[in-house]
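To keep things clear, I will list the structure first and then write my remarks on it.
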Amino acid sequence: MLIKEYPDHHDAEIVMQLYDMRREPVMREARATVHTKFRPTSSDEAIAVLKQDHPLNGPVRQVVSYWEMVYGMMKWGILHPDYGLESAGEGMVLFAKMEPFLEEVRAQKTGVQFNNAEWVATHTEAGKKLMERLRPRFAPVGAAR
């Protein structure tokens, strides 16, 4: 993918629109729920939340799809990733919570979960630096740190 060399006013407009979308009441509630109640400790827990009957499924799906759209814009060169991550790192927290279980989750589901977040975490300087700080904080309980 081609990353823009520098952000421009279009990037600023997108970031402001993304901020407005995060303030929408249902989205705000979903984000708060995911932030406070979602912390998988095993691949079984990570897979379970993706099933329709799980109580956190709706909020997790809403938040994951939002951040996958944002990170897709970064991956495809629509939004400068380093600039975007200055104000949109929250999705990387969710990715850090799921990353230890991605292989098992993808094997049980469609195989494409968190593709854009993973790209941002592994192909951008800001994503790499942010994940270095987040991985230890969100490693599953009992995992080697």
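The values are calculated or read from the model by the stated rules, or taken from the named source; none is laboratory data. Remember, predicted model here, so these are calculated numbers, not experimental data. Every residue, glycine among them, receives a Cβ derived from its backbone with ideal geometry; neighbour counts consider all protein chains shown. Quick note on the areas: whole protein, heavy atoms, side chains included, nothing else; ligands and nucleic acids left out. Shrake-Rupley method; radii C 1.70, N 1.55, O 1.52, S 1.80 Å.
Determine the per residue accessible area of the chain with all protein chains present and a 1.4 angstrom probe, expressed in square angstrom.
That works out to 57 Å² for each residue.
Computed from the coordinates I sent, Rg/Rh (Cα atoms, Kirkwood Rh) equals one of (i) 0.96; (ii) 0.94; (iii) 1.03. Tell me the label.
(i)
Which value at 222 nm does the chain reach when only helices count, each DSSP H run of 4 or more adding -39,500 (n - 2.57), with the total divided by all residues and rounded to the nearest 500 deg cm²/dmol?
-20000 deg cm²/dmol
Connecting C-alpha atoms closer than 10 Å in a GNM of the chain, tell me which of Lys109, Lys75, Lys97 has the biggest fluctuation.
Lys109
For the chain, which whole-number percentage of the solvent-accessible area (1.4 Å probe, protein heavy atoms only) is attributable to carbon and sulfur atoms?
Exposed carbon and sulfur together represent 55 percent of the surface.
Which value, in debye to the nearest 20, gives the size of the charge dipole of the chain about its Cα centre, when Lys and Arg are +1 and Asp and Glu are -1 at the Cβ?
With only Lys, Arg, Asp and Glu charged at Cβ, the dipole is about 500 debye.
State to the nearest 20 debye the size of the charge dipole of region 61-138 about its Cα centre, where the only charges are +1 on K and R beta carbons and -1 on D and E beta carbons.
Dipole about the Cα centre, nearest 20: 160 debye.
How large is log10 of I(q)/I(0) for region 90-145 at q = 0.29 Å⁻¹ when the intensity is taken from the Debye formula with one equal scatterer per alpha-carbon?
-1.19
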